[in-house]
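Please read the structure below before turning to the comments.
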Amino acid sequence: MTPAAAGLIINRFPTRLPPPMPELQYIAYTSTASRPIVDADLRYLLADARHFNAGVDLTGILLFNGLAFFQYLEGTPKACAAVMARIRSSSLHHSIYELSCDAVDGRRFGDWRMGCTWVDDEARWLALHDPSLWTTRVDNPAPCEGLALLTGFWEASMGVP
Ligand SMILES: Cc1cc2nc3c(=O)[nH]c(=O)nc-3n(C[C@H](O)[C@H](O)[C@H](O)COP(=O)(O)O)c2cc1C
């Protein structure tokens, strides 16, 4: 068999298929504020973000510690891509690092078009940024530790016992 013919067979019968598109995915990223962010900036950002997020059915939460952001977004891959494009082009921040992006079986923050809270607990803030907490085991469907930490933190900030 000629190499060209072998190539044809390989192409026609691929042994590795791309993974199916997940119905829902999340993205967790961090970024640094470009300048001092005042209340009015945050209010404007959130109003604008929530309006857009409602249109693409995206939910999630945004944490801010005065200098940096941590955001968790969840939605269809298409919605996440559209929102990340807006986030990437925002002049309010820079140095955007994606910590994790994966398929999820359901929404963790389904009631929030973009919840927002201030973080002054330095230890928890640092813990949330530990990349090792955001890795998922491919042989274990349990949510990663970072997500559990984030959910617990959010519930505590909302006054959930
Ligand atoms: C930390 C951060 C989070 C954001 N989150 C969202 C979001 O969830 N959805 C969205 O559509 N836009 C989001 N944006 C984009 C803002 O809505 C937009 O940057 C803001 O309205 C200010 O616009 P400007 O950067 O063009 O001045 C985000 C921007 C930043 C800096």
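Computed values, structure above
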item	result
Neighbours by Cβ (under 9 Å, 6+ apart or cross-chain): first from the range 60-86, free of Cβ contacts under 8 Å to residues at least 60 places away in the same chain and near the ligand (Cβ under 9 Å from one of its atoms); second among the polar types (S, T, N, Q) and not in a strand (DSSP E or B)	Gly60/Asn53; Leu73/Asn53; Val83/Asn53
Residue count, the range 36-93 (criterion: of a type in the set (Gly, Ala, Ser), exposed (fewer than 12 other Cβ atoms within 10 Å of the Cβ) and outside any helix (DSSP H, G or I))	3
Test: residue in the range 43-55 that is more than 9 Å from the ligand (Cβ to nearest atom) and within 22 Å of Asp121 (Cβ to Cβ)	no
Qualifying position, being part of a helix (DSSP H, G or I) and in contact with a Gly (Cβ under 8 Å, 6 or more places away or on another chain), among Leu126, Leu99, Leu133, Leu149	Leu133
Within the range 54-77, tally of residues that are out of contact with any Phe, Trp or Tyr (no Cβ under 8 Å at 6 or more places or on another chain) and hydroxyl-bearing (Ser, Thr, Tyr)	1
Enumeration of residues in the range 110-161 that are exposed (fewer than 11 other Cβ atoms within 10 Å of the Cβ), under 18 Å from the mean Cα position of the chain (by Cα) and without any contact (Cβ under 8 Å) to a residue 24 or more places away in the chain	Leu126, Ser132, Arg137, Ala142
Answer from Trp112, Trp154 - the residue that is aromatic (Phe, Trp, Tyr) and at pLDDT below 95	Trp154
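The values are calculated or read from the model by the stated rules, or taken from the named source; none is laboratory data. Just so it is clear, the model here is predicted, and its values are computed rather than measured. Note that we place each Cβ from the backbone using ideal geometry, even for glycine, and neighbour counts take in every protein chain shown.
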